[in-house]
Amino acid sequence: MARETTRNRKLVFTVIGWTIGLTLFFPILWTIITSFKTEGEAIASPPSFVFFQWTLENYFEVQTRSDYFKHAMNSVIISLGSTGLGLLVAIPAAWAMAFSPTKHTKNVLMWMLSTKMLPPVGVLVPIFLIFRDFGLLDTRTGLVAVLMLMNLPIIVWMLYTYFKEIPGEILEAARMDGATLGKEIVYILAPMAVPGIASTLLLNIILAWNEAFWTLNLTAADAAPLSAFIASYSSPEGLFWAKLSAASTMAIAPILVMGWFSQKQLVRGLTFGAVK
Amino acid sequence: MGAITLQKVSKSFGDVTVIPGVDLEINDGEFVVFVGPSGCGKSTLLRLIAGLEDVTSGAIRINGTDATGMPPAKRGLAMVFQSYALYPHMSVYKNIAFPLKMAGQDQAAIKQKVESAASVLNLTDYLDRRPGQLSGGQRQRVAIGRAIVREPDAFLFDEPLSNLDASLRVNMRLEISELHQSLATTMIYVTHDQVEAMTMADKIVVLRAGNIEQVGSPLELYRNPANAFVAGFIGSPKMNLIEGPEAEKQSCTTLGVRPEHIAVSTDGGAWKGVVGVAEHLGSDTFLHVRVEGVGLMTVRAEGEFDLHHGQTIFLTPVPDKIYRFDKNGNAIR
């Protein structure tokens, strides 16, 4: 009886899970399928799923019109650069807050988070003017800096939660055992925090890769990453669904593959602290 | 060498004073136990000696040198934590070797010392394992091993057995006592368990609210408690502390009688009472007796003493084994 109920529940949950999963994945699947159609078939109604003339012409077209690899390289540099720089600043900050808190630590953390509640467009004009005056418009340096600053609160928060999980007594034991601050970090803290640092790194690469607001507003051609590259296919070119889909597929493919291989780390990172 | 002296050591966290001022002398090779109820400042005192907390005022001297401002590693002390605080990402071997590595010793010397410590602690077969793969008792031994290899001037134990189950605790208690016999190194041991204090200590320091209530050997504290608090804390089951007319008859505020110093009779005696609960342990019987005009008392009777709930009995305290305390709780001698 009890076993029967468990099995039924399992079945229900499986069905619900797959339904939600497929619904969420459908737009991506549709984009990928459309990218292999001709422009005519892309807007055909009713649409066909499998039985159409599969073609790669959109991909060649996109590559010849705009240099995919240049934008992909920009995306790589910007997402890795902003995440790396962010970690460099956030690790010492999170360490200080987790292991040597003052009575204002919580306030500082809340203040950092509160900056994420402000709509980015609110600071667009000042940042645009600063970028213009310092000659940072349409440069990768400028984007690395701004994306690093935008994601810094999240990086600090994630690392802070991870470091909080490391018991203070272990660090004290290392201190008793004669470890200096440097050795304590190298031999004890860093190895214990590696999973946390890794998932923070992954999540922030994804956030920076998909970032569109700042990349669209602060870049034109030279420094534009893939998110801006997709957008360039939506308006000036008119409604070329197949080419837009091909551009999108090419833009999301790298991050999708990376996400797929690191999903275990990501899930752990996102649910960390939620389940004990 | 491991003589430690505390001179007027005090500690405050913000406005809260945890230790108002402690003077204490710990001799080389002594097994000293800090005991007291939770929140009495015993762990804080240990952490002050370790250097994990800074003293607010006063001085700590280790082997005659002023160690008050020294970092923990320079004090020549090793600590075993309540949570064991093993390094989870290192094997048992690396855990034990860590302090030696930090001290910059060469690989061969480290290997030899770790292996000898492991054989003393029965850990030889587990050197390649991670702490997560060990049982509670084994983890405890690794923590002790990590302390031993440093050959410290003194060992500091912070409630090391409180995470173990009862039978293992008894075993580890013996092992630590044996270790003290063979190493003859100063050990300072913090616990809230008076049984651990009584069985292990050369010298017990009873703490209450950051103050030392009494210092002495286990039997000194048992025989001559300085006040009602120590009297109630040392000894198991607890001493019966009686107030009211019965105490006034003995011209004191509080009268103390240990459960084992009461004669039980079914015929007649000083106090008449009714048995509430009788706990038959086999070797002993603990009777919880409601005594007229006195209240609830605990009495230790012989093992196979056939008494049960509701029975009327008579209790007589052994005359030269009663304790008297004045209105401040201090013993009247």
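The values are calculated or read from the model by the stated rules, or taken from the named source; none is laboratory data. Note that the coordinates shown come from a computational prediction; the quantities given were computed from them, not determined experimentally. Methodologically, a virtual Cβ is constructed for each residue, glycine included, from the backbone with ideal geometry; neighbour enumeration extends over all protein chains shown.
Some notes on this structure:
- Hits in region A:1-19 - residues which are surrounded by 10 or more Cβ atoms within 10 Å (Cβ to Cβ) and either of a type in the set (Gly, Ala, Ser) or not in a helix (DSSP H, G or I) (or both): A:Gly17
- In region B:126-139, the residues that are within 14 Å of chain A (Cβ to nearest Cβ) and not in a helix (DSSP H, G or I): B:Arg130
- If you go through region B:83-93 and keep only what is surrounded by fewer than 22 Cβ atoms within 10 Å (Cβ to Cβ) and more than 13 Å from chain A (Cβ to nearest Cβ), you end up with just B:Tyr93.
- Under the condition of being of a type in the set (Gly, Ala, Ser) and closer than 17 Å to B:Val190 by Cα, the residues counted in region B:3-53 number 8.
- Of the numbered criteria (1) touching a Phe, Trp or Tyr at 6+ places or on another chain (Cβ under 7 Å); (2) away from every other protein chain (no Cβ under 14 Å); (3) within 26 Å of B:Ile49 (Cα to Cα); (4) not polar (S, T, N, Q), the one B:Val80 fails is (2).
Residue by residue, here is whether (1) surrounded by fewer than 17 Cβ atoms within 10 Å (Cβ to Cβ); (2) more than 8 Å from every other protein chain (Cβ to nearest Cβ); (3) out of contact with any strand residue (DSSP E or B) (no Cβ under 7 Å at 6 or more places or on another chain) holds:
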site: A:Gly168; (1), (2), (3): yes, yes, yes
site: A:Leu171; (1), (2), (3): no, yes, yes
site: A:Arg175; (1), (2), (3): no, no, yes
site: A:Gly178; (1), (2), (3): no, no, yes
site: A:Gly182; (1), (2), (3): yes, yes, yes
site: A:Leu189; (1), (2), (3): no, yes, yes
site: A:Leu201; (1), (2), (3): no, yes, yes
site: A:Trp209; (1), (2), (3): no, yes, yes
site: A:Trp214; (1), (2), (3): no, yes, yes
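- Note on region A:20-41: residues that are closer than 14 Å to A:Thr249 by Cβ, out of contact with any Leu (no Cβ under 9 Å at 6 or more places or on another chain) and not in a loop (DSSP other than H, G, I, E, B) amount to 5.
- Test result for B:Val264, of a type in the set (A, V, I, L, M, F, W, C), under 27 Å from the mean Cα position of the chain (by Cα) and either buried (at least 17 other Cβ atoms within 10 Å of the Cβ) or at pLDDT 90 or above (or both): no
- Residue match in region B:237-246 (condition: without any contact (Cβ under 8 Å) to a residue 60 or more places away in the chain, among the small types (Gly, Ala, Ser) and in a loop (DSSP other than H, G, I, E, B)): yes
- Within region B:50-69, the residues that satisfy the criterion of being within 12 Å of another protein chain (Cβ to nearest Cβ) and more than 24 Å from B:Leu164 (Cβ to Cβ) are B:Gly51, B:Glu53.
- Test: residue in region A:52-62 that is farther than 30 Å from A:Leu181 by Cα, among the β-branched types (Val, Ile, Thr), touching a residue at least 24 places away in the same chain (Cβ under 8 Å) and surrounded by 12 or more Cβ atoms within 10 Å (Cβ to Cβ): yes
- Exactly one residue out of B:Gly216, B:Gly273, B:Gly282 is touching a residue at least 24 places away in the same chain (Cβ under 8 Å) and not charged (D, E, K, R), and it is B:Gly273.
- Yes/no for B:Ala331 being over 25 Å from the mean Cα position of the chain (by Cα), outside the structural domain of B:Leu219 (by TED's automatic domain parsing) and of a type in the set (A, V, I, L, M): no
- Meets criteria (away from chain B (no Cβ under 14 Å), surrounded by fewer than 20 Cβ atoms within 10 Å (Cβ to Cβ) and under 28 Å from A:Phe134 (Cβ atoms)) for A:Phe240: no
- Region B:73-125, residues that are in contact with a strand residue (DSSP E or B) (Cβ under 8 Å, 6 or more places away or on another chain) and outside any loop (DSSP other than H, G, I, E, B): B:Arg75, B:Leu77, B:Ala78, B:Met79, B:Val80, B:Pro99
- Residue satisfying condition, being free of Cβ contacts under 8 Å to residues at least 12 places away in the same chain and of a type in the set (D, E, K, R), within set A:Lys183, A:Lys164: A:Lys183
- Complete set of residues in region A:169-219 that are among the acidic types (Asp, Glu) and either modelled with pLDDT under 85 or farther than 20 Å from A:Gly84 by Cβ (or both): A:Glu169, A:Glu172, A:Asp177, A:Glu184
- Breaking point among (1) within 14 Å of chain B (Cβ to nearest Cβ); (2) over 30 Å from B:Arg150 (Cα atoms); (3) acidic (Asp, Glu), for A:Asp133: (1)
- Only one of the listed residues (B:Leu156, B:Leu164, B:Leu183, B:Leu168) is free of Cβ contacts under 8 Å to residues at least 60 places away in the same chain and within 19 Å of A:Glu169 (Cα to Cα). That residue is B:Leu164.
- When region B:96-116 is filtered for residues that are buried (at least 22 other Cβ atoms within 10 Å of the Cβ) and either away from chain A (no Cβ under 14 Å) or closer than 27 Å to B:Leu45 by Cβ (or both), the ones remaining, listed by number, are B:Phe98, B:Pro99.
- Some residue of region A:122-142 being under 15 Å from the mean Cα position of the chain (by Cα) and under 30 Å from A:Ile230 (Cα atoms): no
- For region B:213-236, residues that are assigned to a loop (DSSP other than H, G, I, E, B) and of a type outside the set (A, V, I, L, M) total 5.
- Which numbered condition B:Gly2 misses (of (1) surrounded by 21 or more Cβ atoms within 10 Å (Cβ to Cβ); (2) modelled with pLDDT of 90 or more): (2)
- Among residues of region B:12-53, those that are part of a strand (DSSP E or B) and in contact (Cβ under 8 Å) with a residue 12 or more places away in the chain, counted: 16
- Scope region B:146-172; condition in contact with a helix residue (DSSP H, G or I) (Cβ under 6 Å, 6 or more places away or on another chain) and charged (D, E, K, R); matching residues: B:Arg146, B:Arg150, B:Asp158
- Answer residue from region B:267-292, given it is assigned to a strand (DSSP E or B) and of a type in the set (A, V, I, L, M) and is nearest to the chain's Cα centre (by Cα) among those: B:Leu287
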